[in-house]
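Okay, here's the structure, questions in a sec.
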Amino acid sequence: MDSTNQLLKPLTTKRNENGNLEIGGCDLVNLAEQYGTPLYVLDEETVKAICRDYKNAFKGYPKVNMMFASKALCTMATSRLLFDEGFGFDVVSSGEIYTVYKAGVDMTKVLFNGNNKSFDELTLAIELGVGRISVDNFFELSLLNEIAKSHNKIVDILLRITPGIECHTHEYIQTGHLDSKFGFDLTQTDEAVELILKEYSNLKLHGLHAHIGSQIFETSVYGDEIEIIVKEIARLDEKFGLKLDEINIGGGLGVKYTESDCPPSTYTIAGIITDRLNDCVKKYNINPPSLFIEPGRSVISTAGVTLYTIGSSKQVPKGKKYVAVDGGMADNPRPSMYQAKYSAEIANGKDKPALKTVTIAGRFCESGDILIDGINLAEPEEGDILCVYNTGAYNYSMASNYNRVQKPAMVLVNNSQSDMIVKRETLEDLISHDVIPDRMKK
Ligand code: LLP
């Protein structure tokens with residue numbers, strides 16, 4: 001069965017009677033006028049449809065917990081929305097912990113990940129009652145035990161392991177291969193478990209956690225990952241009599257950034273995962289564990305678009321036609337970081353075919369700030385609104401203030417209503433953390 005993450009555009013995208021693009025019943029040209037550009041727009045119906053897909057797809061396994069990977073998008077409103085749709089959260093910093101906490105999320109449904117969590121972050125996690133901490137290395141085991149002891153608490157943990165799986169995605173977003181900065185190598189788990197059982201009495205180990213990479217289109221890798229984790233759980237049971245009852249397989253399912261991308265359906269992935277898990281439970285003779293999945297991109301990317309206003313353009317003699325927009329690598333660093341490709345359309349009604357091949361340049365002072373290198377558009381002109389698709393994940397969450405440019409606003413659209421969920425930064429916001437030392441003041 002198809003799923004919503006396989007779409008290029010939000011579910012509700014259409015051209016209205018004025019020929020303008022509309023999402024969530026809101027005319028994008030009106031949104032650009034009302035809130036200014038660049039503007040992140042998130043379609044609530046698409047988010048909810050994707051959440052529904054995930055819930056239905058995993059129905060075949062009795063104990064499934066979906067944890068949204070906050071690193072893909074972390075705002076109070078989106079955290080609230082996803083929590084209401086039944087998701088818990090994978091968080092990786094005190095900033096993400098604090099955001100979901102302030103959004104009213106049940107903190108027992110939160111899992112804290114990361115390869116170098118600080119003393120302050122671990123302390124905050126314990127104080128706010130974060131449900132699970134996925135411990136990444138020996139240093140963290142000892143640090144966490146000390147903090148837990150000083151709080152007189154038993155902390156519930158998973159061990160992050162490196163399953164040794166190479167998946168075909170950009171090398172910067174591969175994580176499960178052997179020489180990775182994340183997690184315990186499988187030759188180190190015995191030592192970690194011995195320490196937990198014999199010395200770290202303030203830690204309670206519930207299970208194993210792995211993540212193999214991101215923007216994954218392969219399906220077999222998830223089955224392989226499950227086999228490795230379950231086999232390890234069975235081995236630890238045999239060696240230590242340890243009954244681990246949770247497995248967390250991370251996130252990674254891909255999305256469709258361009259017409260040529262064909263990500264698998266959530267239903268296909270869920271089928272592979274649950275079938276293999278059921279098989280492995282029998283094969284290795286363990287009790288069926290609770291399954292945790294941590295999708296980020298595939299939950300939120302398709303629901304988001306970014307609106308830009310087109311400004312200057314130039315035709316290089318015998319070269320490219322550049323069309324510049326009022327945003328770029330600071331609101332979407334993915335093209336310059338990972339050579340990521342995007343699709344776009346002119347949002348205002350244009351009675352012309354999309355025949356002109358142009359390169360969409362960002363406004364930032366770097367030659368590498370190219371949002372889309374070669375796209376067919378309907379004669380883009382100054383003042384047109386460009387809608388770039390599939391920007392819901394890893395855009396706002398990776399945005400910067402490069403060139404001291406304010407970060408854009410974000411609006412949530414649904415049923416012809418738009419609500420601002422992140423305000424546009426102001427010039428005052430930009431200088432609000434700057435301090436001129438007294439001795440420099442005249
Ligand atoms: N769980 C863990 C432990 C992770 O490290 C990640 C992503 C996820 C879950 C969620 O993966 P997803 O379902 O979103 O693929 N900035 C990069 C992506 C980095 C992903 C890092 N870890 C990008 O823009 O492509």
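The values are calculated or read from the model by the stated rules, or taken from the named source; none is laboratory data. Keep in mind that what you see is a predicted model, and the values were worked out from it rather than measured. Backbone-built Cβ (ideal geometry, glycine too); neighbour counts: all protein chains shown. With ligands, DNA and RNA removed, areas are computed over all heavy atoms of the protein, side chains included. Shrake-Rupley method; radii C 1.70, N 1.55, O 1.52, S 1.80 Å.
May I ask you to list pairs of residues, at least six apart or on different chains, whose Cβ atoms are under 7 Å apart, with the first in the range 180-205 being crowded, with 18+ Cβ neighbours inside 10 Å and the second being in a strand (DSSP E or B) and of a type in the set (Lys, Arg)?
Between residues of the range 180-205 that are crowded, with 18+ Cβ neighbours inside 10 Å and residues that are in a strand (DSSP E or B) and of a type in the set (Lys, Arg), the close pairs are 182/160; 183/160; 184/160.
Yes or no, residue by residue, for (1) in contact with a Lys or Arg (Cβ under 8 Å, 6 or more places away or on another chain); (2) at pLDDT below 95; (3) open to solvent by less than 10 Å² (accessible area, probe 1.4 Å):
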{"residue": "48", "(1), (2), (3)": "no, no, no"}
{"residue": "52", "(1), (2), (3)": "no, no, no"}
{"residue": "70", "(1), (2), (3)": "no, no, yes"}
{"residue": "88", "(1), (2), (3)": "yes, no, yes"}
{"residue": "92", "(1), (2), (3)": "yes, no, no"}
{"residue": "95", "(1), (2), (3)": "no, no, no"}
{"residue": "106", "(1), (2), (3)": "no, no, no"}
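Could you tell me whether residue 43 is open to solvent by less than 10 Å² (accessible area, probe 1.4 Å) and away from the ligand (no atom under 16 Å from the Cβ)? Steps first, please.
Values: open to solvent by less than 10 Å² (accessible area, probe 1.4 Å): yes; away from the ligand (no atom under 16 Å from the Cβ): yes.
So residue 43 fits the description; yes.
Next question. Could you check residue 436 against (1) in contact with a strand residue (DSSP E or B) (Cβ under 9 Å, 6 or more places away or on another chain); (2) outside the structural domain of residue 312 (by TED's automatic domain parsing) and say which number it fails?
Result: residue 436 fails condition (1) only.
For the range 239-278, give me the residue count where each residue is farther than 24 Å from residue 92 by Cα, in a loop (DSSP other than H, G, I, E, B) and not aliphatic (A, V, I, L, M).
Looking only at the range 239-278, we keep the residues that are farther than 24 Å from residue 92 by Cα, and these are 239-243, 256-278.
Applying the additional criterion that residues be in a loop (DSSP other than H, G, I, E, B) yields 241-243, 256-265.
Still in the running and not aliphatic (A, V, I, L, M): 241, 243, 256-265.
The number of residues fulfilling the criteria is 12.
Let me ask something else. Please state which of the following conditions residue 383 fails to meet, knowing it meets all the rest: (1) free of Cβ contacts under 8 Å to residues at least 60 places away in the same chain; (2) not in a strand (DSSP E or B).
(1)
Taking the condition among the hydrophobic types (A, V, I, L, M, F, W, C), more than 21 Å from the chain's Cα centre (by Cα) and closer than 28 Å to residue 5 by Cβ, does residue 378 pass? Working first, answer last.
On the way: among the hydrophobic types (A, V, I, L, M, F, W, C): yes; more than 21 Å from the chain's Cα centre (by Cα): yes; closer than 28 Å to residue 5 by Cβ: yes.
Yes, satisfied.
Here is a list: 361, 399. Which entry is aliphatic (A, V, I, L, M), within 16 Å of the ligand (Cβ to nearest atom) and on the phi < 0 side of the Ramachandran plot?
On the way: 361 fails: within 16 Å of the ligand (Cβ to nearest atom).
Going through 361, 399 in turn, just one is aliphatic (A, V, I, L, M), within 16 Å of the ligand (Cβ to nearest atom) and on the phi < 0 side of the Ramachandran plot: 399.
Hey, does the range 114-124 have a residue that's within 18 Å of residue 246 (Cβ to Cβ) and not in a loop (DSSP other than H, G, I, E, B)?
So far as the range 114-124 goes, no, none of its residues is within 18 Å of residue 246 (Cβ to Cβ) and not in a loop (DSSP other than H, G, I, E, B).
In the range 1-40, what count of residues is obtained for those that are among the hydroxyl-bearing types (Ser, Thr, Tyr), open to solvent by 20 Å² or more (accessible area, probe 1.4 Å) and part of a loop (DSSP other than H, G, I, E, B)?
Initially, the range 1-40 is screened for residues among the hydroxyl-bearing types (Ser, Thr, Tyr), giving 3-4, 12-13, 35, 37, 40.
Narrowing the set further to residues that are open to solvent by 20 Å² or more (accessible area, probe 1.4 Å) leaves 12-13, 35, 37.
Those left that are additionally part of a loop (DSSP other than H, G, I, E, B): 12-13, 37.
Total meeting the criteria: 3.
Listed residues 373, 351, 369, 384; which is modelled with pLDDT of 95 or more, charged (D, E, K, R) and open to solvent by 50 Å² or more (accessible area, probe 1.4 Å)?
On the way: 351 fails: modelled with pLDDT of 95 or more; 369 fails: open to solvent by 50 Å² or more (accessible area, probe 1.4 Å); 384 fails: open to solvent by 50 Å² or more (accessible area, probe 1.4 Å).
None of the other options fit; the residue is 373.
Next up: Six or more apart or on different chains, Cβ under 7 Å: which pairs go from a residue in the range 242-269 that's in the same structural domain as residue 59 (by TED's automatic domain parsing) and away from the ligand (no atom under 14 Å from the Cβ) to one that's of a type in the set (D, E, K, R) and open to solvent by 20 Å² or more (accessible area, probe 1.4 Å)? Could you list them?
243/237; 258/341; 265/2
As an exercise: evaluate residue 38 against (1) under 30 Å from residue 107 (Cβ atoms); (2) touching a Phe, Trp or Tyr at 6+ places or on another chain (Cβ under 7 Å) and give the number of the one condition it does not meet.
Just one mismatch for residue 38, condition (1).
OK, next. Taking the options 341, 321, name whichever one is within 16 Å of the ligand (Cβ to nearest atom) and more than 25 Å from residue 93 (Cα to Cα). Let's see the steps before the verdict.
Values: 321 fails: within 16 Å of the ligand (Cβ to nearest atom).
Only one candidate passes the filter, namely 341.
Take residue 105 and tell me if it is touching a Ser or Thr at 6+ places or on another chain (Cβ under 8 Å), assigned to a loop (DSSP other than H, G, I, E, B) and without any contact (Cβ under 8 Å) to a residue 60 or more places away in the chain. Talk me through it step by step, then tell me what you get.
Details: touching a Ser or Thr at 6+ places or on another chain (Cβ under 8 Å): yes; assigned to a loop (DSSP other than H, G, I, E, B): yes; without any contact (Cβ under 8 Å) to a residue 60 or more places away in the chain: yes.
Yes, satisfied.
Run residue 73 past the list (1) over 22 Å from residue 409 (Cβ atoms); (2) within 16 Å of the ligand (Cβ to nearest atom) and report the number of the one that doesn't hold.
Result: residue 73 fails condition (1) only.
What is the number of the single condition among (1) open to solvent by 50 Å² or more (accessible area, probe 1.4 Å); (2) within 18 Å of residue 269 (Cβ to Cβ) that residue 66 does not meet?
Status for residue 66: all satisfied but (1).
Moving on. Within the range 230-241, can one find any residue that is within 16 Å of the ligand (Cβ to nearest atom) and open to solvent by less than 50 Å² (accessible area, probe 1.4 Å)? Give the steps one after another, and end with the answer.
Filtering the range 230-241 down to residues within 16 Å of the ligand (Cβ to nearest atom) leaves none.
Within the range 230-241, not a single residue is within 16 Å of the ligand (Cβ to nearest atom) and open to solvent by less than 50 Å² (accessible area, probe 1.4 Å).
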